[in-house]
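Heads up, the thing below is written out as structure tokens.
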Amino acid sequence: MKDFLIYFLILVASTYLIRTLPFALFKKPIENRFLKSFLFYIPFAVLAAMTVPAVFTATGHIASSLVGLAVGLIFALQGKGLTAVALLASLGALLTEGILLLL
């Protein structure tokens, strides 16, 4: 719970700072496309940097984590919704974990 709170506070701070700092520093609107896109994608990059390592340590075996990741990627690339991707990835990891327990 303590780690989650720390991660959450870092995410909130980074998102808030990235969104408000340009307004505080620049008086005119930002017209540079590169800078605008850079500022837009920072929160997503921070969230990914905190989430991806957890994917590989969320289960008891790395194999079930990889299966869950693969299932999630396959269905995400097919354009399925977030809920469906999350449920199917979790189901894939759960089934793999169950199979590994039987072995």
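Coordinate-derived values only; no laboratory data. Small disclaimer: the values here were computed from a predicted structure and weren't measured. Because the Cβ atoms are built from the backbone with ideal geometry, glycine has one as well, and the counts that use them run over all protein chains shown.
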Query raised in the report: In nm, what is the difference between 0.36 nm times the number of residues separating Ala76 and Leu101 and their Cα-Cα distance?
Result: 6.2 nm
Query raised in the report: For the peptides 15-24, 88-97, what is the packing order when you average, over each peptide's residues, the other Cβ atoms within 10 Å and list the highest mean first?
Result: 88-97, 15-24
Report summary line: When the charge dipole of the range 1-57 is computed with +1 on Lys and Arg Cβ and -1 on Asp and Glu Cβ about the Cα centre, the Cα farthest towards its positive end, among Ile18, Pro43, Phe56, belongs to Ile18
Query raised in the report: What order do you get for Tyr41, Tyr7 when you list them from fewest to most C-beta neighbours inside 10 Å?
Result: Tyr41, Tyr7
**Report entry** Pairwise label distance in nanometres, Lys36 with Tyr7, each label 7 Å out on the Cα-Cβ vector
**Finding:** 3.3
**Report entry** Cβ-placed point charges (K, R +1; D, E -1), dipole of the range 13-103 about Cα centre in debye, nearest 20
**Finding:** 560
Report task. Would you calculate the separation in nanometres between label points at Leu91 and Ala24, each defined as 7 Å from the Cα along the Cα-to-beta-carbon direction? Result -> 4.7
Requested in this report: Compute the long axis of helix 33-57 from its Cα atoms, compare it with the longest principal axis of the Cα atoms of the chain, and write down the angle in degrees, 0 to 90, nearest 10.
Outcome: 30
